[in-house]
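Worksheet: one structure, shown below.
Rule-based calculations on the coordinates, nothing more; no lab input. Since the model is a prediction, treat every value here as computed from it, not as a measurement. Cβ placement follows ideal geometry from the backbone for every residue including glycine, while neighbour counts extend to all protein chains displayed.
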């Protein structure tokens with residue numbers, strides 16, 4: 001079984017992350033995005049994502065929302081709560097999306113948890129300072 005990945009966000013974030021992922025990986029089959037425009041309806045956005053998920057069944061659908069507790073994420077949770085082929089993630093980032101789409105086929109819960117851990121561990125504070133002293137870590141390593 002394959003998977004579809006749906007990015008959902010406030011305004012254009014989802015479209016931008018999709019564009020960046022495509023720039024890095026080339027065309028990504030099954031990746032789409034929906035953004036809530038400033039004057040848009042969050043209910044309509046949820047209905048669009050629900051329709052996509054129902055049309056994709058039994059294929060796995062992974063919805064990645066921009067913000068935990070945000071209206072977009074909350075609406076998707078409500079709209080998709082009874083759709084068994086859907087997993088909703090919150091905290092969209094380019095590393096998370098790349099980690100999810102780079103894995104072949106449908107993902108297990110442990111695959112998804114591993115992708116989240118990978119994306120989380122690449123979030124670092126970085127600076128341009130002198131080269132590391134002997135024994136210190138280099139953040140490029």
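So if each residue of separation counts as 0.36 nm, and I subtract the Cα-Cα distance between residue 25 and residue 111, what length gain in nm does that give?
Working: separation 86, 0.36 × 86 = 30.96 nm, distance 1.98 nm.
So the extension gain works out to 29.0 nm.
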**Prompt:** What is the ratio of the Cα radius of gyration of the range 75-116 to 2.2 N^0.38 Å, where N is its residue count, to two decimals?
**Reply:** 1.22
**Message:** As I understand it, the value is the acute angle between the Cα axis of helix 109-121 and the longest principal axis of the Cα atoms of the chain; what does it come to in degrees, rounded to 10?
**Reply:** 40
**Request:** Measure nothing fancy, just the Cα-based angle from helix 13-25's long axis to the longest principal axis of the chain, in degrees from 0 to 90, nearest 10.
**Result:** 60
**the chain - mean residue ellipticity at 222 nm from DSSP helices (-39,500 (n - 2.57) per run, n ≥ 4, rounded to 500)** = -13000 deg cm²/dmol
**Prompt:** Nearest 10 degrees, 0 to 90: what angle lies between the long axis of helix 42-56 and the longest principal axis of the chain (Cα atoms)?
**Reply:** 90
**Asked** Order of 31, 54 from fewest to most other C-beta atoms within 10 Å?
**Response** 54, 31
**Message:** Quick check on the exposure proxy: order 110, 32 from fewest to most C-beta atoms within 10 angstrom.
**Reply:** 110, 32
**Asked** Extension gain residue 37-residue 57, at 0.36 nm per residue separation less the Cα-Cα distance, in nm?
**Response** 4.5 nm
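Give me the compactness ratio for the chain, meaning the Cα radius of gyration over 2.2 N^0.38 Å.
Numbers: Rg = 16.9 Å, N = 141, 2.2 N^0.38 = 14.4 Å.
Rounded to two decimals, the normalised Rg is 1.17.
Given a Förster radius of 35 Å and the C-beta distance between residue 129 and residue 102 as r, what FRET efficiency does 1/(1 + (r/R0)^6) yield to the nearest 0.05?
Details: r = 31 Å, r/R0 = 0.89.
With R0 = 35 Å, the Cβ-Cβ based efficiency is 0.65.
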